[in-house]
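Below is one structure; the comments refer to it alone.
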């Protein structure tokens, strides 16, 4: 059955608090300490793992935490990357395995400027892709730089774990989430648990607004009205 990607624009920005780590606890703790430190390490960090493992969630969590300090963001949808800015505290490179030649050039330029800042204060670098650095089909100078720092492999949470978390989240909201609704959510939407919980938030709000129980028709109605 085709999965539907939840429109993140409909929900709140991902945060560290809404990331359900499971086997990815080490990566979460590393990024929480890194983002929260006033003396941020300039050693780059690279996250890799399959779709749905939470890479983008963590990068967006860092972006949200450091937004006021200035963040450079580049993903594969950005067709005209900005010039590097000395006002950025960190640079975040998402889905690097999808970068075209222009994006690779910009990412390399950002990386070099971030790690050799003219003001003597190197910027942090956090990147993510679906494969380990050695397997990335990127220009060699960028590929090697992505792999010389901290590297974490993220694991997709198993279905029992996702079900258990969704059940707890629903109970906390006072929602009755039937097994058929749970099945629908897990088979029709992104496997990323952060996105699923954001979907649950939307369902909760729509259920309250319409004064209807949470059912598959309710979810379909909600999506058709967005």
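Things to note:
- Counting the residues of segment 1-17 that are surrounded by fewer than 18 Cβ atoms within 10 Å (Cβ to Cβ) and modelled with pLDDT under 85 gives 11.
- Residues in segment 138-165 that are out of contact with any helix residue (DSSP H, G or I) (no Cβ under 7 Å at 6 or more places or on another chain) and under 21 Å from residue 56 (Cβ atoms): 149, 153, 156, 158.
- Residue within segment 108-119 that is in a loop (DSSP other than H, G, I, E, B), modelled with pLDDT of 85 or more and buried (at least 18 other Cβ atoms within 10 Å of the Cβ) present: no
- Extreme residue, farthest from residue 39 (Cα to Cα), among residues of segment 131-146 that are touching a residue at least 60 places away in the same chain (Cβ under 8 Å) and surrounded by fewer than 18 Cβ atoms within 10 Å (Cβ to Cβ): 131
To keep it simple, each residue is scored yes or no on (1) more than 19 Å from the chain's Cα centre (by Cα); (2) farther than 22 Å from residue 13 by Cα; (3) not in a helix (DSSP H, G or I).
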| position | (1), (2), (3) |
| --- | --- |
| 167 | yes, no, no |
| 172 | yes, no, no |
| 176 | yes, yes, yes |
| 183 | yes, yes, no |
| 186 | no, no, no |
| 196 | no, no, no |
| 205 | yes, no, no |
| 217 | yes, yes, no |
| 221 | yes, yes, no |
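- Scan of segment 52-77 for residues that are touching a residue at least 60 places away in the same chain (Cβ under 8 Å) and over 22 Å from residue 108 (Cα atoms), ordered by number: 52, 53, 54, 57
- Qualifying residue in segment 78-98 (condition: crowded, with 21+ Cβ neighbours inside 10 Å, in contact (Cβ under 8 Å) with a residue 60 or more places away in the chain and in a loop (DSSP other than H, G, I, E, B)): no
The values are calculated or read from the model by the stated rules, or taken from the named source; none is laboratory data. Owing to the predicted nature of the structure, the values given are computational and were not obtained by experimental measurement. Backbone-built Cβ (ideal geometry, glycine too); neighbour counts: all protein chains shown.
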